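Student: Below is a structure I'd like to ask you about.
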Amino acid sequence: MSTPESPGGGPAATRLPLRTCVGCRRRRPRPDLVRLVAGVAGAVILDIPARAPGRGAYLCRDSGVACLRAAQRRRSLSRSLRVRENDIDPETLGPQLRELAEEDSPSPP
Ligand SMILES: [Zn+2]
């Protein structure tokens, strides 16, 4: 009996695999990040269930838009996914990341 929620990173958080955000380079438990993969057409897409095969990269879920921008600035996303910068479309990914972040943050009643 353990609660998945452990703000601040209690003992439960240590069991979670850590991944590094390609935007801000912070290491965080995997559920706090969203996975991106290079899709069949070469374009970079979000892999929400994180089950797509192949090379993946991670961005923070709660600040995905900012981290995507940071990742583009240093080209770390294209480098980890082995795609061209052109294959990353912030116009498509931005709104999706924003939606995820909103979904995630508990809105006060
Ligand atoms: Zn980040």
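The values are calculated or read from the model by the stated rules, or taken from the named source; none is laboratory data. What you see is a predicted model, and the numbers here were worked out from it, not measured in a lab. Neighbour counts are summed over all protein chains in view; Cβ atoms, including those assigned to glycine, are modelled from backbone coordinates with ideal geometry.
Student: Of the residues Arg75, Arg98, which single one is at pLDDT 95 or above, at positive phi and touching a helix residue (DSSP H, G or I) at 6+ places or on another chain (Cβ under 7 Å)?
Tutor: So the residue among Arg75, Arg98 that is at pLDDT 95 or above, at positive phi and touching a helix residue (DSSP H, G or I) at 6+ places or on another chain (Cβ under 7 Å) is Arg75.
Student: Tell me, please, whether a residue that is exposed (fewer than 14 other Cβ atoms within 10 Å of the Cβ) and at pLDDT 95 or above can be found in the stretch 23-38.
Tutor: yes
Student: Do we find that Val65 is touching a residue at least 40 places away in the same chain (Cβ under 8 Å) and buried (at least 17 other Cβ atoms within 10 Å of the Cβ) in this structure?
Tutor: Against the criterion (touching a residue at least 40 places away in the same chain (Cβ under 8 Å) and buried (at least 17 other Cβ atoms within 10 Å of the Cβ)), Val65 does not qualify.
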